[in-house]
Amino acid sequence: MLYRPFWSTILCGLIAVAWPSGSTALADGLEPGLWQVTTRTQTGGVIGPPHESSKCLTPQDTSDLATTFSPVSQTVNSECAPMERSFDGSRLNWRLTCKGQLDMELTGEFNFENPRHYMGTVQTKAAMADTVMLNSQQSVEGRWVSACPQ
């Protein structure tokens, strides 16, 4: 799943979430440009150290936040149901479930607070043969830094 804001692979490469890339302010959206994203992951009650990354969001990325910040399934030996998604311009919620060799459920909630700041949470649950393989939550915060370098 392509979540163009700043993540890498989730669920052993079966579902990927990437972060967007851009430089114009949108009324209810995000401003294209260089974004700093801080991700904190909690797994099994343990919170890992914050991970910081940066990514340029293009005007195309910021013109369709629902697509940019939603997963795109890339599964092997699993079938995914159509994604459930709602977006009101400032809040995005989605849910993706897949069944097969690896059963997984991903849910995401994002709040685009203003054109230069957003917060989000992504929960990932995965099981194989009824054995939990992964149960984690990621908190994500994005802050606009500048126009993208040329």
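The values are calculated or read from the model by the stated rules, or taken from the named source; none is laboratory data. Bear in mind the structure is a predicted one, so any value in this text is a computation, not a measurement. With ideal geometry, Cβ positions are generated from the backbone for all residues, glycine too; neighbour counts draw on all protein chains shown.
Among the residues of the range 50-66, write down those that are assigned to a strand (DSSP E or B) and in contact with a Ser or Thr (Cβ under 9 Å, 6 or more places away or on another chain). Steps first, please.
Filtering the range 50-66 for residues assigned to a strand (DSSP E or B) gives 51-57.
Result: 51, 52, 53, 55, 56, 57.
So if I check each of 31, 52, which one is of a type in the set (Asp, Glu), surrounded by fewer than 15 Cβ atoms within 10 Å (Cβ to Cβ) and at pLDDT 95 or above? So that I can check it myself, show each step before the final result.
Working: 31 fails: surrounded by fewer than 15 Cβ atoms within 10 Å (Cβ to Cβ).
Result of the check over 31, 52: 52.
Residues checked against (1) among the charged types (D, E, K, R); (2) within 22 Å of residue 39 (Cβ to Cβ); (3) over 13 Å from the mean Cα position of the chain (by Cα); (4) surrounded by 14 or more Cβ atoms within 10 Å (Cβ to Cβ):
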residue: 62; (1), (2), (3), (4): no, yes, yes, yes
residue: 70; (1), (2), (3), (4): no, yes, no, yes
residue: 86; (1), (2), (3), (4): no, no, yes, no
residue: 103; (1), (2), (3), (4): yes, no, yes, yes
residue: 106; (1), (2), (3), (4): no, yes, no, yes
residue: 116; (1), (2), (3), (4): yes, yes, yes, yes
residue: 131; (1), (2), (3), (4): no, no, yes, no
residue: 148; (1), (2), (3), (4): no, yes, yes, yes
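Can you tell me how many residues within the range 34-49 are assigned to a strand (DSSP E or B) and either modelled with pLDDT under 95 or among the hydroxyl-bearing types (Ser, Thr, Tyr) (or both)?
Of all residues in the range 34-49, those assigned to a strand (DSSP E or B) come to 34-43, 46-47.
Cutting the leftovers down to either modelled with pLDDT under 95 or among the hydroxyl-bearing types (Ser, Thr, Tyr) (or both) gives us 38-39, 41, 43, 46-47.
The qualifying residues number 6.
How many of the residues in the range 67-106 are in a strand (DSSP E or B) and aromatic (Phe, Trp, Tyr)?
Narrowing the range 67-106 to residues in a strand (DSSP E or B): 72-73, 78-80, 84-87, 91-100, 103-106.
Narrowing further to those that are aromatic (Phe, Trp, Tyr): 87, 94.
Total meeting the criteria: 2.
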